Each structure stands twice: as structure tokens, then as C-alpha cells.
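Everything below concerns the one structure shown next.
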């Protein structure tokens, strides 16, 4: 090889190594509500460990994973699908095709969508471990703990409910930090969960059902008293989400609101005590 | 004799174009059974195909890939097939489409976005998986030609093969090898009009060299265009075809002259700058008429990124071939493109 080429190759190797080292993550938990338009996709990442909740309606979730994961990390430790509706699962198809996913937390529900079959096939070829969530289940991943609050067995036995009502609801704990993820649950389910006294005080809440009036109940907010409420919603969506009632409820309680349609990805970081909004 | 040759060629091409008609009329319900010859473009709510010169929008699932056999039903409306339904799709198990799919998968499994799609675009002309935002930015900055299959790809492949084969083989054999390589690549990269154009021109130039005739680029360009139109008159309305010829023509006429005028610029970006400026002279008016806009900064943006394209293509080409046999080693080689694609993405983000 001529010296000129040799130099270029060495320079490129050096740059790549430096890039890889600089991409190394910090020692904090980051939670990112990805801007995927009308839908949900929430990434929690701590070091090399990632938990992705839902995948949004299209491949935009890939941009989010690409942005917040080091380029050499091709593994997502846990993917949670709250419920099989297109605005929550479609993006997961490419995630399963491109990333190694260790565990897939998903309820045994059927979707009539053609694309759901495609997702199931992608999960199969990924050889991920498939786990069905159930109230009371606890999953530990490093320093992160996930407590499943819903669906309960009695709900799963009822076959005729709206898909939204089967949503996986969970509490994520990291040190003293707590966050509540609510999928697309509605008032009836909220009442049921509240009746069991399993809602704790949290720092962060993912507002149910993109801020629909058929999601958030005042009682849920009063029981959890979050400091930050995140609404994952698309700009000018045809449903009119988020509904004014919900925004007013949050304002009246003095809860800070962040919306993906207004500010793109909503990212917070925490060291286990309090949290900081990274894109205020 | 010469006059007769050119006259005949022009006459046949003209005849083909004038007698060529879309075989169906508006409002007619048709069933098309064909092979997918252009890579489908995917969006959230649809995938867009071109079948028998008709634009077809289908539901995003099941997914259709380049090379697949499909049966589609719909109603013809101008150049579109509306309310189209996919009746069946059969995956193409042929060696080349399969090879292409595996290469793209290798890139997508190894790198994040938009790096993976950028590489798939640069090496294979695959634009199907590019995110809409990034695609728009590429268009706004005037560098989108890099990720669609274009003549540059053929030039690079040919150059790479010439570099290797002339070391190893006798001249005559080397040229056969290069020609086969060019056409294999043309099929691999989707057989779009610009690729076919470059493949024909490249083949003509190489063969002419071999039989000892000095080829004149402009003449070769015109012969190639006429030949293509005789084979497939529908190309006359293909924007890629038109842009490819106008750009190449402008390059032949202006590039050398511009290059001489901008000697002050450093060599790394001079080539990209003169190429882009020369091509723009012909292309800019067409872009302006078709899209209603073009970026005045485009030559500068091109100059900033074009130098990285051959490097990205060669490294990811080699990484892909190695990676299909030894995935880990291939991935390590592919990582070397990361600083280059990062620069590319940075520039496009900055100006887009």
C-alpha cells in the first residue's frame, strides 16, 4: 500500500475509535418520549441497557433509537408493547428486524391488522423471549425495576373490551425516581387500578391515550401527583388530541406539561434522585 | 455512410416514440401481472410502486420488494393506477435480488439511521427505506443524486474493477470481466434509467478502447440515448432518464473548463465543485420547472460532501461482501464509514 493510502486508512480508524468512545453513554437514566407523530414510542436508556415501550405508527422510531443509542449498540434489552394497535406497534416491526431484542413483553391479544402478522414474524426471527405481562409481575433490569399494574387476570378473561383497556400499565423505578406509564387506558380501567391502591406518588407520568378525554381522570393525577406530564401526540391529528379538559386538569394541579407535537422528543435524565428536563 | 447511420438511428427512435402509446385508456379496469423493476418507496400509509409505467399506491403491508412478482388490479387514470389492490405477491428468490436484500439487511442491522439508509443508497441506489425528513433534506440541499442509483455508481464500480483486474488479468480478459461486473451491478442496483445509461456508455467506451477506436464522449452519449429510446420509448417521460442525459451532457461540455477556472480551491473539493457546477448548468432549469425550486448553495454543499462518496461506496461495498461471510469482521470494516457518513449527515442537516 502506498503511504498516502495507509495514512488515510489509519486516520479513518482513529476517527472511528474516537467516535465510538465519545458515544459512550453517561451513568444516568434517560427517558425519551420520541416524536413519532400520532402514536407512542418511549425509550428508557441507562448505559448499554434500553427499554422501548411501543414503536409508534411508522419507522420514525428508528431515528429516535439511532439518536439516543451509541452507534455500536444494536441490542434493545426489553421491548414492551402496551396493546396491539397500529399507532403503538407498527414501528416495532423494523425495530425487531434491525436490533437484537432480548425480551418482548406483550399480552396475548389478537389484532386484525395485516401488519401485526408481520410483526409476529419479525419477533419470531429475532428469537426474543416473549413474556405476557400480568398485574403484580416485577421485572428487574440492572438498577431499573418495572412493576406491572395492569392488565389483571380478570380483565384478560373478558374478551369483549376495547383494545385500549388491555394496555400494559407499569411503574418504572430507578433509585428514588418513579415514572408511571399508562398506554391507552380509559376511565373505567383507571378506576379499577385506583381501587386497588397500587398507584404511588411519581415524578413522571405518560398521559394515557395521547391526552384524550377518554384517558386521564382527575383521580389518577391526584393519586400520583406527578411533577411532569408527557403527552405523546401528533401535530393537527384528526382526533383533536390532546383534549382541552385534560390540559386544564393538569394546569389546575400545577403539573408541568410537555408535548411531543410541540417540542419533538421530550428527554429527561435522572441519577435516581429527582430529574432534569433536557430540552426545556 | 455516417449520415445514413445517424439518420437511421434518429428516425427509428422518433418512430418508436411517436407510435408508442400506453396500451390502455383512462378509466379502464386492468389487472397487471409483472415483475417489480423499481424499488418500492415506503411511507407510513402506503408503498409506491411503478408497474408497466403506471404509478401504483398500495397498502404498506404486505411489503413488496424489488424483483418480486406481483399481480395488481386497479383503474387507470392518466399515469396512475387508482384504487389499486394487491392480489398476490411472490418473493423473488433469484440470486441477485436476494443478494441485494441481504446486503441492505446487513447495513441496516449494523448501523443506525440515517447512516444505514445513506449507505444502502450510495452503494446500491436503494432509496426505499430513507426516512421522509432526511429524504426531503437531501432534496433541498441538491445532493439527492448521491443516494439514487446514478451514473456515478457505475463509474466507481468500473474504476474499482479496472483497478483490481488490470493487476491480475490480461487486458482483454480484464475488459470482459469489467463489462460483466458493470452489468451485474446494473441489475443489482435496480436497473433505473440513469444506471442503464451509464452501463451502456461505459460498455461502449471500454469496448471502443479495446477495438482500438478512440471514443468521443458526446457521440457515445447520443447513441446511448437513442438506443435506450428505441428499446423502451416510455423512458422519454422518465425524469431520471432526462436528468441523467442532461447532466452527463453538461459535464462533458463544461466540467474541464470550470475545473481550470477554480484552481485556487483545494483538490479535495475542486472535483466535486466543478462536477456539480457543470451539471447544474443543464439540470437546474429542469429541476426548477419540475419542482418549483432549486438550491443556489447546492454546488457548495456538493463540494463539501462529494469527496466522501467514493470512500463510503468502496468501504461499504467491501464490508458488505466480507460481512455476508464473516458478519463480525464485515461490521468492523463498515464502522469505518461512520465518520464519513456522520460528516455527510451533518452537512445535510446543517443546510437542509
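What to note about this one:
- For the residues of A:93-100, the average number of beta carbons from a partner chain within 10 Å of their own beta carbon is 3.
- The stretch B:238-328 - convex hull of the alpha-carbon atoms, volume per residue in Å³: 138
- Candidates A:129, A:97, A:114: whichever shows maximal mean-square fluctuation once chain A is modelled as a Gaussian network with Cα springs under 10 Å: A:114
- Modelled this way, with points 7 Å down the Cα-to-C-beta line, the labels at residue B:25 and residue A:157 are 6.7 nm from one another.
- Between residue A:11 and residue B:318, the distance separating the two model label sites (each 7 Å from Cα on the Cα→Cβ line) works out to 1.6 nm.
- Residue order, fewest to most surrounding Cβ atoms within 10 angstrom, among B:258, B:312, B:154, B:236: B:236, B:258, B:312, B:154
- Using alpha-carbon coordinates, inclination of helix A:114-126 to the longest axis of chain A, degrees: 50
- FRET efficiency, residue B:168 to residue A:244 (Cβ-Cβ, R0 60 Å, nearest 0.05): 0.25
- Going from the fewest other Cβ atoms within 10 Å to the most, the residues B:224, A:82, B:207 appear in the order B:207, B:224, A:82.
- Cα gyration tensor, the stretch A:25-275 - rounded (a/c under 1.5), prolate or oblate: rounded
- Whether chain B is rounded, prolate or oblate, judged on the alpha carbon gyration tensor where a/c under 1.5 counts as rounded: rounded
- Three-way shape call for the protein assembly as shown based on the alpha-carbon gyration tensor, with the a/c threshold at 1.5: prolate
- Residue order for A:177, B:11, fewest other beta carbons within 10 angstrom first, comes to B:11, A:177.
- Cα pair count fraction exceeding 29 Å, expressed as % - the stretch B:144-351: 30
- GNM flexibility winner over chain B from B:241, B:167, B:106 (Cα, springs under 10 Å): B:167
- Residue-averaged [θ]222 nm for chain B, counting only DSSP H segments that reach four residues, each worth -39500 (n - 2.57): -21000 deg cm²/dmol
- Computed over chain A: relative contact order in percent, which uses C-alpha pairs under 8 Å that are six or more apart: 16
- Listed residues B:148, B:322, B:289, most fluctuating in chain B (Gaussian network, C-alpha, under 10 Å): B:289
- MRE, 222 nm, helices only [DSSP H, n ≥ 4, -39500 (n - 2.57), over chain A, to nearest 500]: -8500 deg cm²/dmol
- Full extension of the chain between residue B:349 and residue B:91 gives 89.3 nm of extra length, using 0.36 nm per residue less the Cα-Cα distance.
- Folded to 0 to 90 degrees: helix A:3-22 orientation relative to chain A principal axis, Cα: 20
- Rel. contact order, % - alpha carbon contacts under 8 angstrom, at least six apart, chain B: 16
- Approximate spin-label separation residue A:23-residue B:261, in nm, with each point projected 7 Å along Cα-to-Cβ: 4.2
Bear in mind these aren't lab numbers, they're just calculated from the coordinates by the rules spelled out. Keep in mind it's a predicted model, so treat the numbers as computed, not measured. Glycine gets a Cβ as well: all are built from the backbone with ideal geometry, and neighbour counts include every protein chain shown.
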